[in-house]
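The values are calculated or read from the model by the stated rules, or taken from the named source; none is laboratory data. Quantities reported herein were computed from a predicted structural model and do not represent experimental measurements. So basically every Cβ, Gly included, is an ideal-geometry build from the backbone, and we count neighbours across all protein chains shown.
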Amino acid sequence: MCVSRDKQIYTCFSCHATGNVFTFVMNYHHVDFKTALKMLGDRVGINTSNIHIQNKVSKYDKLYEAYNLSVKYFQNNLSSSEGKVAKEYLKSRNITEEIIKEFEIGLSLDKKDDLTKLLISKNYDLATLNKIGLSSDDHDMYNDRIMFPLQDVSGKVVGFSGRIYKENGQNKYLNTKETEIFKKGEMLYHYSVAREECRIKKSVIIMEGFMDVIRASTIGVRNTVALMGTALTKEQVNHIKRLSSTVILCLDGDSPGVGATLSNGDILEAAGLEVKVLPLPNPEDPDSFILKNGKDRFLGLLENAIHFSDFKFNKMKESVDFRSDEQVAEYIQKVLQETTKIKDEIRVEVILKRLAKEFDIRYNTLEMRFRNLLGERKEKPIMQIKQHKIDTRKDKYVQAMEQVIYFMLNNDFVITEVEREHLVFETEAMRALSSEIIYYYQSHGQINVADFYTYIQDKESLLNLYNEIIAANYVEKTDMDDLILYFKVIKEYAKSQEINRLTNLMKKEVDPLEQAKISDKIRKLRIGE
């Protein structure tokens, strides 16, 4: 991570986050701008209570409100006389009143349209309720199920999982379908609650389902998140990296769970995280294991979580026929290949010595083979961290446009030249961003990268482009000679685009006179008239 004191911005080369002091606090603590402002004000002794902040209005606010109303509705149901049977069921599963309140557990009643009617009375239209998975046609989506709210990484409720508590032949769980605000691949259950505990414990425990997380919470283990049945995505890995650099995988002990542990462990290791495993016996999951064996047994396993490489070696060994020299040799080769990924030299030596002793092989032989494999890995790395450089997939025209915008942020005279030349940028976002830079400069008399970041923070498309340009390794300073060259490249692109447009237009034109006019325009563009 790089912090520029001069510009008052930061850039993370791992997850590509960038911004100023306000966005750092907002993203790190998952708070809004007003809260971030107060936290920073308190830190430096400035009273921010009298500063008026206009809350950012999101197009999804209405959807979040619908889910929040639904949470309250389900909670009231569980507390009513109609929720008595469901309450008894939760009690039988050792889910206490405290846990019910902590996780906002509720109940959908065995009535077909009560929630739908309630939300319609609150000015929600039926099409929206169907779209976000609270209704199905004109009926409630959930009926007679214990309801578990699902939250995104910022803590907003974005969906539900409804569990049956009576044997009625239905699927055990019914989850909200993916919507505009509910993306399974972008969320981790319990994330917003777990982040503080993860910093205290200096680790994050990854489980499969929300019931595992809830069960762990009953014994005081709260640095937990759940994947909700998905394989790890890039977005989830980035979220996990913000919690801790040490990850403990505690997935189900059955065959699919072991497979998920192996695949997810590889992904996390490739992302530079230290990975450990809390292995559970088949077919236990954390929920059933804690219920059956109690707090102390689980905490004992947690305390002695093994390195991911050791877990992998043990699983590889299970399929080896040690009567076969060929299989033994293949197993040793695989262990050595996996060991090349380990950076701790002491652990490497321990593994090599253990192999030498276990299979009666000379240590020097194993070390020589290991060094050869390590050399091959360095020449052809399995997962190489990309150096922070300009994306070579962008053509020279896009790079030139982004470079000029970067110049505008660092050289006042470039803003004047862009305006004087009426420079046309490729995309609508580029044109809008350059216009905002010009407007900001005209309004304030200068351009400050950090302050400008705050200025456009409610314009998502501009902010994404701004982040991308700031994070790239573009040159800061320029002179008029260099600038003329960049302008020339951009103008060449604009001219070629216009020629292509006119050429396509001429192909569609049937009037010979109009074709001639278009052809003349193309000719003049080509000769520069």
Inside the range 180-196, the number of residues satisfying the requirement of being modelled with pLDDT under 90 and not in a loop (DSSP other than H, G, I, E, B) is 7
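May I ask you to say which residue of Leu134, Leu126, Leu150 is over 27 Å from Val193 (Cα atoms), assigned by TED's automatic domain parsing to the domain that holds Leu78 and in contact with a strand residue (DSSP E or B) (Cβ under 8 Å, 6 or more places away or on another chain)?
Just a single option satisfies the conditions, and that option is Leu126.
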Does Leu299 fit the bill of being among the aliphatic types (A, V, I, L, M), in a helix (DSSP H, G or I), farther than 17 Å from Ser245 by Cα and not assigned by TED's automatic domain parsing to the domain that holds Leu355? yes
Counted residues, the range 470-486 - those being buried (at least 18 other Cβ atoms within 10 Å of the Cβ) and closer than 22 Å to His422 by Cβ: 3
Can you name the residue in the range 439-453 that is surrounded by fewer than 16 Cβ atoms within 10 Å (Cβ to Cβ) and either small (Gly, Ala, Ser) or touching a Gly at 6+ places or on another chain (Cβ under 8 Å) (or both) and, of all such residues, is farthest from Asn410 (Cα to Cα)? Ser443
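Quick grid of which residues meet (1) at pLDDT 85 or above; (2) in a loop (DSSP other than H, G, I, E, B); (3) closer than 24 Å to Gly19 by Cβ; (4) touching a Leu at 6+ places or on another chain (Cβ under 6 Å):
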| residue | (1), (2), (3), (4) |
| --- | --- |
| Val404 | yes, no, yes, no |
| Tyr453 | no, no, yes, no |
| Leu462 | no, no, yes, yes |
| Lys477 | no, yes, yes, no |
| Leu483 | yes, no, no, no |
Counted residues, the range 424-447 - those being at pLDDT 85 or above and part of a loop (DSSP other than H, G, I, E, B): 1
So which residues in the range 130-179 are farther than 15 Å from Gly229 by Cα, part of a loop (DSSP other than H, G, I, E, B) and among the β-branched types (Val, Ile, Thr), if there are any at all? Ile132, Val153, Ile164, Thr179
Can you confirm whether the range 120-135 contains a residue that is among the small types (Gly, Ala, Ser), surrounded by fewer than 17 Cβ atoms within 10 Å (Cβ to Cβ) and over 26 Å from Met187 (Cα atoms)? yes
Among the residues that make up the range 268-279, is at least one of them surrounded by 16 or more Cβ atoms within 10 Å (Cβ to Cβ) and part of a helix (DSSP H, G or I)? yes
When you check Phe370 against the structure, is it in the same structural domain as Leu433 (by TED's automatic domain parsing) and modelled with pLDDT of 85 or more, yes or no? no
Qualifying position, being touching a strand residue (DSSP E or B) at 6+ places or on another chain (Cβ under 9 Å), aliphatic (A, V, I, L, M) and assigned by TED's automatic domain parsing to the domain that holds Ile200, among Val258, Val277: Val277
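Are any of the residues in the range 148-156 on the phi < 0 side of the Ramachandran plot, over 27 Å from the mean Cα position of the chain (by Cα), at pLDDT 90 or above and of a type in the set (A, V, I, L, M, F, W, C)?
no
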Go through (1) of a type in the set (Gly, Ala, Ser); (2) surrounded by 15 or more Cβ atoms within 10 Å (Cβ to Cβ); (3) under 22 Å from Ala260 (Cα atoms) for Ser319 and report which single condition fails. (2)
